[in-house]
Amino acid sequence: MAGSLTFTMIKPDAVKANNIGNILQMINEAGFRIVAMKYTQLSAAQAGKFYEVHSARPFYGELVDFMSSGPIVAAILEKDNAVDAFRTLIGATNPADAAEGTIRKKYATSIGENAVHGSDSDENALIEGRFFFSGLEMI
Ligand code: CMP
């Protein structure tokens, strides 16, 4: 169903702070269905590839180092209008700008260490989901 999937990662900062359970609870309570999920750690090369679109940005090196610094949880989520609905749930990229009650407001500490990733378009949700999961892993 077009527009019904998004991709997320619970980032190394939130995993280290023992917030996997809290964040998954917020995702469930917001009505998302988990289509696929895995706990893993990216190599620097894999993180660099995932965030290749940002390779010209000044923060790219820092982003790659951080995203490969510890375990993450990657997941594909389903809900009507999933990309926009999930971006509303997680809040602004910079937690200082994130609305009350959002995941980043509660659990992020900085623009770089911002607890969760959420796809920014239906097209990127598919690309990002396929980066982590095969068809067999999507239920
Ligand atoms: P994310 O949604 O995972 O997509 C790209 C990431 O780059 C973003 O979250 C931030 O964590 C990170 N990012 C964006 N802007 C900056 C910045 N100015 N400094 C450090 N990291 C940034």
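The values are calculated or read from the model by the stated rules, or taken from the named source; none is laboratory data. It should be emphasised that the depicted structure is a prediction, and the values quoted were computed from it without experimental measurement. All Cβ positions, glycine included, derive from the backbone under ideal geometry; neighbour counts span all protein chains shown. SASA here: full protein model, heavy atoms, side chains in, ligands and nucleic acids out. Shrake-Rupley method; radii C 1.70, N 1.55, O 1.52, S 1.80 Å.
Here are the numbers for this structure:
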read-out: Which of 55, 68 is most accessible, then next, and so on - probe 1.4 Å; value: 55, 68
read-out: Nearest-10 value in Å² for the accessible area of residue 9, using the 1.4 Å probe; value: 0 Å²
read-out: Anisotropy class of region 1-74 from Cα gyration tensor, a/c 1.5 cut; value: oblate
read-out: FRET efficiency estimate (nearest 0.05) - Cβ-Cβ, residue 17 to residue 57, R0 22 angstrom; value: 0.30
read-out: Contour excess over end-to-end distance, with Cα ends at residue 99 and residue 38 and 0.36 nm allotted per residue; value: 19.2 nm
read-out: Global form of region 55-139, assessed from the alpha-carbon gyration tensor, a/c cut-off 1.5; value: oblate
